[in-house]
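Report on the following structure.
The values are calculated or read from the model by the stated rules, or taken from the named source; none is laboratory data. Owing to the predicted nature of the structure, the values given are computational and were not obtained by experimental measurement. Here Cβ is always computed from backbone atoms with ideal geometry, including for glycine, and neighbour counts include all displayed protein chains.
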Amino acid sequence: KLSAQDLSKLGIIDGIIPEPLGGAHNDPPAAAASLKDAVLATLSELGDIPHGRLLEQRYQKFRALGQFTQQ
């Protein structure tokens, strides 16, 4: 079983948006506000990256998924 923290460490997800106390289903407006804040912050960060560089970064990220090394 993989947790959100595991997926973050593996580089599969970019971040974790915290849920309200008791879970998103207990406070949908607070969950929506957290999601909105996270999306707006990420869009602001991504807006500063040149389009070509952003595409290359995303391409490299997805190319790296599933790669492993033996130890």
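Key figures for this structure:
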item	result
Residue within the stretch 55-68 that is out of contact with any Lys or Arg (no Cβ under 9 Å at 6 or more places or on another chain), at pLDDT 95 or above and not in a loop (DSSP other than H, G, I, E, B) present	yes
Qualifying residue in the stretch 22-38 (condition: exposed (fewer than 11 other Cβ atoms within 10 Å of the Cβ), under 30 Å from T69 (Cα atoms) and out of contact with any Phe, Trp or Tyr (no Cβ under 9 Å at 6 or more places or on another chain))	no
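A quick yes/no check of all residues on (1) in contact with a helix residue (DSSP H, G or I) (Cβ under 8 Å, 6 or more places away or on another chain); (2) under 30 Å from R63 (Cα atoms):
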{"residue": "K9", "(1), (2)": "no, yes"}
{"residue": "P18", "(1), (2)": "yes, yes"}
{"residue": "A33", "(1), (2)": "no, no"}
{"residue": "S44", "(1), (2)": "no, yes"}
